[in-house]
Structure formats: structure tokens, C-alpha cells
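The values are calculated or read from the model by the stated rules, or taken from the named source; none is laboratory data. Owing to the predicted nature of the structure, the values given are computational and were not obtained by experimental measurement. In this analysis, Cβ positions are derived from the backbone assuming ideal geometry, glycine residues included, and neighbour counts consider all displayed protein chains.
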């Protein structure tokens, strides 16, 4: 239907935000493009601006600056009802006095669709959401997940909807139903091919739902990419520790005259190129616990703790020397772990140098 | 088999409340019941009369007229105050200094003693010197609440609306501010009109506070006494003699204790019955 493009989008909740004051802004200059029909996630900690971004796209908020385009149409000034956007909220919103049928028909009737068409659309969507048996019931009597399905259904019935936005839709759903509703979403996305944008602070939800995840922090996009990219090639240390469990190891390092990263006196091979240019900035070595392993020689460490997490064990080690930094390893079941001391090496393909937080390419 | 040991000490803890309720409600009520079945000619001598006073009250045209006036008055003030209160609450600002000003203005009539309200409107509506009465007469209306029943009724209703609409406003406002923002957001996305938002979100969410508002306003307006007595004293003639006013005339004016007691009980039962009716009708169809 339409790709969604955000151009230099800024938003502040203050009446007169100051340009040079980052704290005044909820969103600071966002440029993003979401292809038509994709499943996208906005991931970030509370207060990072992801809900603000969602409300800007749906039109509930007007951006302070910047433009929003659906396809080639500039919708920045349009009201939510005119935008071909549906939104599902954190808490299920149903119209209590209406039946499930009337709830689903509400957006269509508001837009003056002829009644036979309304009935046909509602029946179709109800069948998809497994709500057909409840169509005649009062919506107020349904369980939280049933209500959330109605909220979703009110978005799906509209044939003109360009994208469906989800604002942490599983927050109030029981854990065992969360999984079911999530698979339902995934299934609907595949069947209908509608663009879906899913806001969450839960990395599992984001990574399992989306083809592309946008990680946000402090009102800015830190990285946008596939789940695999975010995992294997974090562009920023924030992505490194926010995604993954446990998060990425970050170790202060140096780059020598030859442009080789050195940590604890040992030269470390990395995937980062042109390190010489990064000298003089705050440098860190980033490597995920999955890509650290014990070896005969390398960086000397003391093993401090081993925790069994099922198919893996998480090993905490302390690097010998001044810093005594913590390095975590993920060791598969059955592989040996040194009793007290050993050496670790990093997989060069997945080890990067970060300068002031950003990965050196 | 029950393993609980009976502990009768708890009765002592209930005793203060039982005593309070007894002296406050039960004993006075029983005294009224007592009077309602007896005749007295003074000297503290009483004779049992059975249900004679009840029959007399029920058959008296005077009671029926007062009851009709009472029902009419309550119906009019409810029909004005509830919609008006909701409309004002909807129009009130949601935040800022405007809200504080509105809330203070709304609370003001509720803080004025009843007899002062009556006196204020008594003067306000005087045709020769009162602001409202004078202006109405200068505009060409023939308005005199001490002589014309219609003028008296208009003044009475206007006074009650002025005095009590803010109660409905405050209750409705509290109900409105309890509606989560997401409902309005969802409605905007669903393309709902302002009327649809009111009809399908605000009104259903206000239902419970409105039930309270209707019950309170019904009971209070059905028992109105002080303001009406100060304003019109039941006149002109008997045009504004509502139930309470009539009751006081019988009990303290004529000193007919028996009929007054019987009338009190009938009055009480009517209020009880109508309150129950309102409650049942308004909560009908809700899941338990």
C-alpha cells in the first residue's frame, strides 16, 4: 500500500523547547523508512521516545518539526482518522456497551460504509481472529486477550489501513496467552501482508516478531537492522548490552601505532577496519559472551562464577591485571571449563572496537 | 466439623454502632410508627386507632395534590440538572488555571446554607427591588412569585438548579477524568464523531457516577424543605406546597400527630420505593 517515511522528525512536549538542550526533546531528528508490508519493531527502554514516535505516525501527536510521508503523500498535518492507520494500545480499548460485532463494525460505520459490506468485512475479520462465536456478546464480558483481539480487529477491518501500530500490546495479557496472541499476530501479518509496527521494551517480543528492529535510546535511533544484524554487528554499545542475555562484554582497549587493538597487553584481532583513525577517542572492545571461548593462550583470566542456564553455562571471569574487568562467556553443555584460571580468546569476526560508543566499521 | 471457637466478645465491638443507629434512626422511626396508629387529645393520653390515619392520608385530596406537586418538582429538576450538569462537566477545561476557577465556582453554591439560599433567591426574585424580578418586569414579563403560581414555580426550580447542578457537575467531572486517554485516542483513530465519543465512551463510563447523582438529587429534591419554605412558604395559596412543607403544616401547624406520622411513613416508603426503582432500572443488564 505505502511505505512510511519519516524525515528529520523532532518532537518536544514543551511549548518552547531549546535547540541546544537535549533534555527538552522526546525525539531528536529521526530519519527512517519502513517498507510496505513489513513487520517492524521499535525497541528501547522506557522513556526512549518509542511511544512518542508511534503516536506521531498515527497522528495522535503533531510533530514539532519534520515530515511524515505515506508513500508520496505528506500526512504530517492530517488527523488520525484521515490517515489510514490503526493502533492497538497497551490497555485493551473496547466500547463496553457494544457487542463484539458492533465494536468491529464501529470504524466502518463511522466512515459511512454500506451495511452489507460492513457485515461481510466484520465476519471475515472475526473468523481470522477466532472471534466468530463471541460476535453477539457484549465486549465488556471478554477476557483481556479477547479485548485486545477486538482492538486489533478494529484496525484489520478497515480495507484502507496502510499500517497497524502496536504499543506494547501484550502488557496486560497473561503469560501463556501472550505466546498465543503473538503467534496470531505473526500469522495475520503473513496472511494479510499489512505493515505492522510493534513497540516494545521486551527484546524477545521484538526479535521474534519483526523482520527489522529499530533500537532507540534518548530520542534517537541507535541502530536499525534485522535481528541477526543487531546480534552479530551491534552498531553501538547500547545495542550490545540492551539486546542479548547476558549483554555484550565491553572492555577498555588501546590501539597501537600499527593500528592493532590491544587489551591487557595482548593484541586482539577484530572486525573493525582503519583503527588508527580512531585513536585518541574513548575506545572499547565489544564482544558477545557467545563469541568468547577458553583457549590454551590469550588473555589470562580467573574464573569467578559458573551459572547453569539450561543448555548453556554462563561463566564469569576476571581479567588479571590493573582493571580486573569482568568477561562473561557462554559455554555449551559438555565443554570443559578451567577450574580456577585460564585464558580466553575472542572470535575476530564478532569482535569490534567502539569509539565513543559507536562501532568502528 | 468446625474448628472455630465461638468468641462472643465481638458483640461489644459492634455495640457502639448499634447504639448510635438505634438512637439516631430506629428509635425515632419507631416513635413515628407509634404515633401513626394512635389518637391523642392531649394530657399524654393515647388511644389505638389502627390504620385509620393511613386510610385518611391516602384518601385525602390534599395529600395527593402535594404528592403530585412533589413528583412534578423532582421530575423537572432532575430533567434539568442531570443533562445540564453533564454538559457543563464536558465543557469544563481539563487542566490549568481554568479548571481551578471552574471547580471553585462549582463548589460555591454547595457551601451556602440552605436557608441563606432561600433568602438570596427570595430577594433576587422580588419584582420591585430584586435583580432578577426587576429585570424580568422591565423586559415586559409579568413576573411576581408572591402572586402567580407559575412565577413561584419558575423561581423555585431556578433556585434548585442554581443550588444543586454543581453537585452533578462535580460528580460527572470526576467520572470523566477517570476515563483513560487511550479511549479517546482509539476513538480518534476509529474516526468517531464527537457525538459517538459521548454516546459510546463517555456516557457508558459515566453511568455509575450518574446513578449516584440521580439518586442523590432524587432523594434531596424529594425532601426539599428549607429553601422552599424561605422562598415561597408554600404559596401563593398552596401552589408550591411540596410534601415536606405540607407535612410540617400538619404536624406543627395543626398538631395532628397521628395523620402527620402516617404521612411521614408513606413519604418514607415512597422515597425508598422510587430509589430502589432508579437503582434497579439503571443497573439492569450488568454482569454480576
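Numbers below:
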item: Test: residue in the stretch B:106-122 that is under 30 Å from residue B:35 (Cα atoms), assigned to a helix (DSSP H, G or I) and within 20 Å of the chain's Cα centre (by Cα); result: yes
item: Some residue of the stretch A:37-49 being under 26 Å from residue A:112 (Cα atoms) and out of contact with any strand residue (DSSP E or B) (no Cβ under 6 Å at 6 or more places or on another chain); result: no
item: Test: residue in the stretch B:61-83 that is under 28 Å from the mean Cα position of the chain (by Cα) and surrounded by fewer than 10 Cβ atoms within 10 Å (Cβ to Cβ); result: yes
item: Qualifying residue in the stretch A:209-229 (condition: closer than 26 Å to residue A:27 by Cα, surrounded by 14 or more Cβ atoms within 10 Å (Cβ to Cβ), out of contact with any strand residue (DSSP E or B) (no Cβ under 9 Å at 6 or more places or on another chain) and outside the structural domain of residue A:336 (by TED's automatic domain parsing)); result: no
item: In the stretch B:71-105, the residues that are part of a loop (DSSP other than H, G, I, E, B) and within 26 Å of residue B:204 (Cβ to Cβ); result: B:92, B:93, B:94, B:95
item: Only one of A:112, A:141 that is out of contact with any strand residue (DSSP E or B) (no Cβ under 8 Å at 6 or more places or on another chain), loosely packed, with under 15 Cβ neighbours inside 10 Å, within 14 Å of another protein chain (Cβ to nearest Cβ) and closer than 19 Å to residue B:183 by Cβ; result: A:141
item: Yes/no for residue A:246 being at pLDDT 85 or above, in contact with a strand residue (DSSP E or B) (Cβ under 6 Å, 6 or more places away or on another chain), closer than 28 Å to residue A:309 by Cα and part of a loop (DSSP other than H, G, I, E, B); result: yes
item: Condition met for residue A:123 (within 11 Å of chain B (Cβ to nearest Cβ), surrounded by fewer than 22 Cβ atoms within 10 Å (Cβ to Cβ), assigned to a helix (DSSP H, G or I) and in contact with a helix residue (DSSP H, G or I) (Cβ under 9 Å, 6 or more places away or on another chain)); result: no
item: Selected residue [surrounded by fewer than 20 Cβ atoms within 10 Å (Cβ to Cβ), farther than 30 Å from residue A:10 by Cβ and touching a helix residue (DSSP H, G or I) at 6+ places or on another chain (Cβ under 6 Å)] from A:252, A:246; result: A:246
item: Pick from the stretch B:141-184, criterion within 19 Å of residue A:97 (Cβ to Cβ) and touching a helix residue (DSSP H, G or I) at 6+ places or on another chain (Cβ under 9 Å), ranking: nearest to the other protein chains (Cβ to nearest Cβ); result: B:183
item: Sole residue being without any contact (Cβ under 8 Å) to a residue 60 or more places away in the chain and in a helix (DSSP H, G or I), chosen from A:146, A:155, A:112; result: A:146
item: The stretch A:33-54 - residue that is within 18 Å of residue A:219 (Cβ to Cβ) and in contact with a helix residue (DSSP H, G or I) (Cβ under 8 Å, 6 or more places away or on another chain) and, of those, surrounded by the fewest Cβ atoms within 10 Å (Cβ to Cβ); result: A:45
item: Residue A:316, sole failed condition from (1) surrounded by 19 or more Cβ atoms within 10 Å (Cβ to Cβ); (2) part of a strand (DSSP E or B); result: (1)
item: Some residue of the stretch A:160-179 being touching a helix residue (DSSP H, G or I) at 6+ places or on another chain (Cβ under 7 Å), within 14 Å of another protein chain (Cβ to nearest Cβ) and more than 30 Å from residue A:241 (Cβ to Cβ); result: yes
item: From B:159, B:132, residue being within 28 Å of the chain's Cα centre (by Cα), modelled with pLDDT of 90 or more and in a helix (DSSP H, G or I); result: B:159
item: Search result, residues across the stretch A:329-351 that are assigned to a strand (DSSP E or B), loosely packed, with under 13 Cβ neighbours inside 10 Å and in contact (Cβ under 8 Å) with a residue 24 or more places away in the chain; result: A:341
item: Some residue of the stretch B:231-241 being more than 14 Å from every other protein chain (Cβ to nearest Cβ) and assigned to a helix (DSSP H, G or I); result: yes
item: Considering residues of the stretch B:185-227 that are on the phi < 0 side of the Ramachandran plot and not in a helix (DSSP H, G or I) only, the residue farthest from the other protein chains (Cβ to nearest Cβ); result: B:225
item: Elements of type strands (runs of 3 or more DSSP E) in the stretch A:1-104, at least 1 residues being within 20 Å of the chain's Cα centre (by Cα), at pLDDT 85 or above and more than 14 Å from chain B (Cβ to nearest Cβ); result: A:4-11, A:27-34, A:39-43
item: Filtered residues of the stretch B:249-265 (kept if more than 17 Å from the chain's Cα centre (by Cα) and surrounded by 15 or more Cβ atoms within 10 Å (Cβ to Cβ)); result: B:249, B:250, B:251, B:256, B:257, B:258, B:259, B:260, B:261, B:262, B:263, B:265
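Conditions tested, residue by residue: (1) without any contact (Cβ under 8 Å) to a residue 40 or more places away in the chain; (2) closer than 14 Å to residue A:164 by Cα.
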position	(1), (2)
A:45	no, no
A:56	no, yes
A:64	no, no
A:68	no, no
A:73	no, no
A:101	yes, no
A:127	yes, no
